[in-house]
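Everything on this sheet refers to the single structure shown next.
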Amino acid sequence: MHALIFATNNQHKVDEIQSLVGIDFTIIPLKAAGIDIDIPEPHDTLQENAAEKAGTIFKLTHQNCFSEDTGLEIEVLEGAPGVKSARYAGEGRDFKANIDKVLQNLGAKKNRAAQFRTVICLIWGNATDGFKTYYFEGICKGHIAIEMQGEQGFGYDPIFIPEGASKSFAQMTMDEKNKYSHRQKAVTQLFDFLRSK
Ligand code: ITT
């Protein structure tokens, strides 16, 4: 049995990852670990932010932990909102305001290609052998809808339609979203790695 602290304050991420966890893993959200801090994300890349989040929690706990940083990357917006996805429309981190800004910036553009990218940072080991840092990445390609569709999920889900689907992430159950999602792809690699240990 592997126990891992998940360095996030985003309950949606916890729910999605919990639903993918096998019985051989226990994921401990920050709240359950008794940690109540706002983890900084000051960097220009998903990888550096993920490292910052996992590193912050590792320094506090000295226990196996992982974090993830995710961005929505839109082709004609040169990869924006990308690493700034949470705060695209300002410090309020408002999902609706972020979506409105994306739709406004895209306007009537024909090329609506986009992808979600998740980078997981794992700090794993033990006190005897030491701890090492590992990274895993998951990408989900798709496109941005003309308008919001659906009520499920979070963030940009109402405007993202994954390749191979005809509805948005917000029109899917969590299990359906997990069949396509960036997060599922990165997490699957994480669990495969841990099972190999
Ligand atoms: P933690 O840093 O505490 O993990 P966060 O919400 O700040 O949580 P990120 O910086 O990784 O997480 O996420 C950036 C934003 O990208 C997030 O607030 C959402 O708006 C959006 N986002 C991330 N994953 C998403 C998903 O699966 N579907 C839709 N939007 C998503």
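Quick note: the coordinates plus some simple rules give every number you see, no bench work behind them. This structure is a prediction, so every number in the text was calculated from the model and none was measured. Note that each Cβ is placed from the backbone with ideal geometry, even for glycine, and that neighbours are counted across all protein chains shown.
Which order do the peptides 126-139, 65-78 take when ranked by the mean count of other beta-carbon atoms within 10 Å per residue, highest first?
Ranking, from highest mean packing down: 65-78, 126-139.
Counting only DSSP beta bridges with both residues in the chain, what percent are antiparallel, rounded to the nearest 5?
Roughly 80 percent of the DSSP beta bridges within the chain come out antiparallel.
What Kirkwood hydrodynamic radius do you get for the range 140-197 when you take the inverse of the mean 1/r over all pairs of distinct Cα atoms, in Å? Numbers along the way, then the final one.
Numbers: mean 1/r = 0.0835 Å⁻¹.
One over the average 1/r among Cα pairs gives 12.0 Å for the range 140-197.
Per the Kirkwood formula on distinct C-alpha pairs, the Rh of the chain is how many angstrom?
17.3 Å is the Kirkwood radius here.
Lysines within cross-link reach of Lys132: Cα-Cα under 25 Å, excluding same-chain residues under 8 positions apart?
Cross-link targets: Lys13, Lys31, Lys53, Lys59, Lys185, Lys197.
Using helices alone, what [θ] at 222 nm do you get for the chain, with -39,500 (n - 2.57) per DSSP H run of 4 or more residues, divided over all residues and rounded to the nearest 500? Spell out each step's value before the answer.
Values: 5 runs with 57 residues, N = 197.
The helix contribution divided over the chain gives -9000 deg cm²/dmol.
If the only charges are +1 at each Lys and Arg Cβ and -1 at each Asp and Glu Cβ, what is the size of the charge dipole of the range 1-122 around the Cα centre, to the nearest 20 debye?
On the way: 13 positive and 17 negative charges, 65 e Å.
Computed about the Cα centre, the dipole is about 320 debye.
Using only the alpha-carbon atoms, what does the range 78-168 span along each of its principal axes? Please give whole angstrom values in decreasing order.
Principal axes ranked by extent give 57, 33, 27 Å for the Cα atoms.
Could you work out the Kirkwood radius for the range 1-81, taking every pair of different alpha carbons, averaging 1/r and inverting it, reported in Å?
13.7 Å
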